[in-house]
1. Restricted to the range 442-470, and to residues that are in contact (Cβ under 8 Å) with a residue 40 or more places away in the chain and assigned to a loop (DSSP other than H, G, I, E, B), which residue is nearest to ILE429 (Cα to Cα)?
2. Considering the range 333-361 alone, what residues qualify as being assigned to a loop (DSSP other than H, G, I, E, B) and surrounded by 15 or more Cβ atoms within 10 Å (Cβ to Cβ)?
3. So, VAL441, is that one assigned by TED's automatic domain parsing to the domain that holds SER410, touching a Cys at 6+ places or on another chain (Cβ under 7 Å) and either more than 28 Å from ALA179 (Cα to Cα) or crowded, with 24+ Cβ neighbours inside 10 Å (or both) or not?
4. Considering only residues of the range 117-130 that are assigned to a loop (DSSP other than H, G, I, E, B) and touching a strand residue (DSSP E or B) at 6+ places or on another chain (Cβ under 7 Å), which is surrounded by the fewest Cβ atoms within 10 Å (Cβ to Cβ)?
5. Residues that are part of a loop (DSSP other than H, G, I, E, B), at pLDDT 95 or above and either outside the structural domain of TYR204 (by TED's automatic domain parsing) or surrounded by fewer than 17 Cβ atoms within 10 Å (Cβ to Cβ) (or both): does the range 231-243 have at least one?
6. Given the criterion in contact (Cβ under 8 Å) with a residue 60 or more places away in the chain, in a loop (DSSP other than H, G, I, E, B) and small (Gly, Ala, Ser), identify the matching residue among SER114, SER108, SER102.
7. When both residues are 6+ apart or on different chains and their Cβ atoms are under 7 Å apart, which pairs have a first residue that lies in the range 72-92 and is outside any helix (DSSP H, G or I), and a second that is at pLDDT 95 or above and charged (D, E, K, R)?
8. For SER327, indicate whether it is surrounded by fewer than 17 Cβ atoms within 10 Å (Cβ to Cβ), among the small types (Gly, Ala, Ser) and outside any helix (DSSP H, G or I).
Amino acid sequence: MRASSRFAAGLALAGSFLTGVDAAIQTVTRNGRYLYTADGNRFYIKGVAYQEQGAVVASASNPFLEPSTFIDPLADGTACTRDLPYLQQLGVNTIRAYSVNSSLNHDSCMQTFSNAGIYTIIDLSLPGNGSMDRNAPTWTTNLLDLYIETINVFSKFNNVLAYNVGNEVIIQPNGTAAATFVKAAARDVKAYLNSIKSSALVGYASIDGDATWLDPLANYLSCDPSGSNSGAAAIDLFGLNNYEWCGNSTFEASYAGTEGNFAGYNVAAYFSEYGCITSPPRLWTEVGALFSSQMSPVWSGGVAFSYFPATSVQGQFGMVTISTDGSTVTPSSDFTNLQTQYAAASPPNSPSQSAAGTTSYPSCPQQNSTWLASNTLPPTPNFAACQCLENNLSCQFTPTTSNYTAIVGSLLNYACSLIGQAGGTCAAISSDGTTGTYGAVSECDPTIMLSYVMSEYYIANGANAQSCSFGGNGTVNSKAPSSASAANAAATSCLASATGASVPTLPADAPSATVTTSSSGSGSGSSNAASVVLADARTLMGMGVLVAAGIASGLWTIA
């Protein structure tokens, strides 16, 4: 692998730090708890977060100032070409992108970064409705399809290091039951990657927290719930968003506890975000510790946050400023300080790949007061089964507005409250990560859940057409079975195969991976500046629509 003379001195450090602009990028694989390039060198993630921040609306329900829209950082070839020299000056070998639009063209950016020896870690979720809801998590066909469509688009690129199935989904002990859905997502994404012979790793990025629930979370995501030492449901790469090192701290003061907690971890781990801003300027002295022999037995590097400016409750992150016209990059002292620290980092090239051993997948942690997740996972969402069910439902959701995501949750609440008042149940659409109980329809798209509940109410009211109206949002399906017994039999038949784990497949009518922008992928990127809307709106309608239904679950008679 050849490199420009400008960076020749830094390339002598280790095979993993190669950033040459002329050579083919090497495949990175995991052996035991370590990462290695194809030539057998230990690989350390020397990265930076690379995502412009979308629109942020501060509110009590958004304590982390998470964006409601996103700008795809890998769809603007001109911007990627503009930023490449600065990424090379930083000496990074990896960038992390938090949200990408599978309908856009990523060829220019991905090729630019591949030619420069820069890998990508791609988060599969999207802001808001394209991710698991922390308060009402589920794992359904629409979210699985969104993930797979993104993988399909990026699978042709040789510099995808990993896909993250979630970022900070679990943020406190009483939310740890959501881990069952994260683990199911990792299981299904891993199965799909294996089916297309992709070497990309499957990861999760966790918020830092108290060891009483963070340790079980890390162990749960890398454990084997079957007890057979199988890694089929285990992640390959655990990311920790860690901001403990502030100012000119020390390993003992900031990282010793975390290092000890992960000392026996069984898969690869890295800091998926780091860079405390509470003691400016950022000196980045934690880089020396993270890439030292003191931490290399556990950690495989990290991703500094953030290349672009990013606002948080703590203040302003960011290492560069982009001019209004998008043509000029101005680095800050954060940039130059990190550049200095990355240039000095020299992690050990050990253990050797042959000495790394194989991974052992232990049994999963048991439930307690701070760890609520069941070891029984949700089934793999089955689009064909859910489509079959929808076709046989007596009452179908036919919204009067194209922006139907705004009404699905309230209609689910309303329909379930009516059924509850009549002594019925909405258990078929409910999921419980604590008990490991998942209703037969809980893996389906929320619109199909709604059609199912509306049909239950319609049949319970003697197939009265008015009972299917729901404010004009429901229509009687003339092709559906007319009797309750026949309807139940049809539903049971459709869902008979939708149990357990399987290799996911895209629905036949899913949007293809063909691009909808110019083949060059260049431009101002303005078309990405707002919330993305794919051809199939159902694909983007995620778990957010179920929040209201979860809050109002007290109205339901759950069996």
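1. Across the range 442-470, the extreme among qualifying residues is SER442.
2. We begin by selecting, within the range 333-361, every residue assigned to a loop (DSSP other than H, G, I, E, B); these are 345-352, 356-361.
Within the range 333-361, ALA345, SER346, PRO347, ASN349, PRO351, ALA356, THR359, TYR361 meet the criteria.
3. On the way: assigned by TED's automatic domain parsing to the domain that holds SER410: yes; touching a Cys at 6+ places or on another chain (Cβ under 7 Å): no; either more than 28 Å from ALA179 (Cα to Cα) or crowded, with 24+ Cβ neighbours inside 10 Å (or both): yes.
Here the answer is no, as VAL441 does not meet what is asked.
4. Taking the range 117-130 as the starting set, the residues that turn out to be assigned to a loop (DSSP other than H, G, I, E, B) are 117-118, 124-127.
From what is left, the residues that are touching a strand residue (DSSP E or B) at 6+ places or on another chain (Cβ under 7 Å) are 118, 124-125, 127.
Working: ILE118: 26, LEU124: 27, SER125: 22, PRO127: 20.
Here the residue is PRO127.
5. Scanning the range 231-243 turns up at least one residue that is part of a loop (DSSP other than H, G, I, E, B), at pLDDT 95 or above and either outside the structural domain of TYR204 (by TED's automatic domain parsing) or surrounded by fewer than 17 Cβ atoms within 10 Å (Cβ to Cβ) (or both).
6. Numbers: SER114 fails: in a loop (DSSP other than H, G, I, E, B); SER108 fails: in a loop (DSSP other than H, G, I, E, B).
Checking each option against the conditions leaves just SER102.
7. GLY91/LYS46; VAL92/LYS46
8. Values: surrounded by fewer than 17 Cβ atoms within 10 Å (Cβ to Cβ): yes; among the small types (Gly, Ala, Ser): yes; outside any helix (DSSP H, G or I): yes.
Judged against the criteria, SER327 is a match.
The values are calculated or read from the model by the stated rules, or taken from the named source; none is laboratory data. Since the model is a prediction, treat every value here as computed from it, not as a measurement. Cβ: placed from backbone, ideal geometry, glycine included. Neighbour counts: every protein chain shown.
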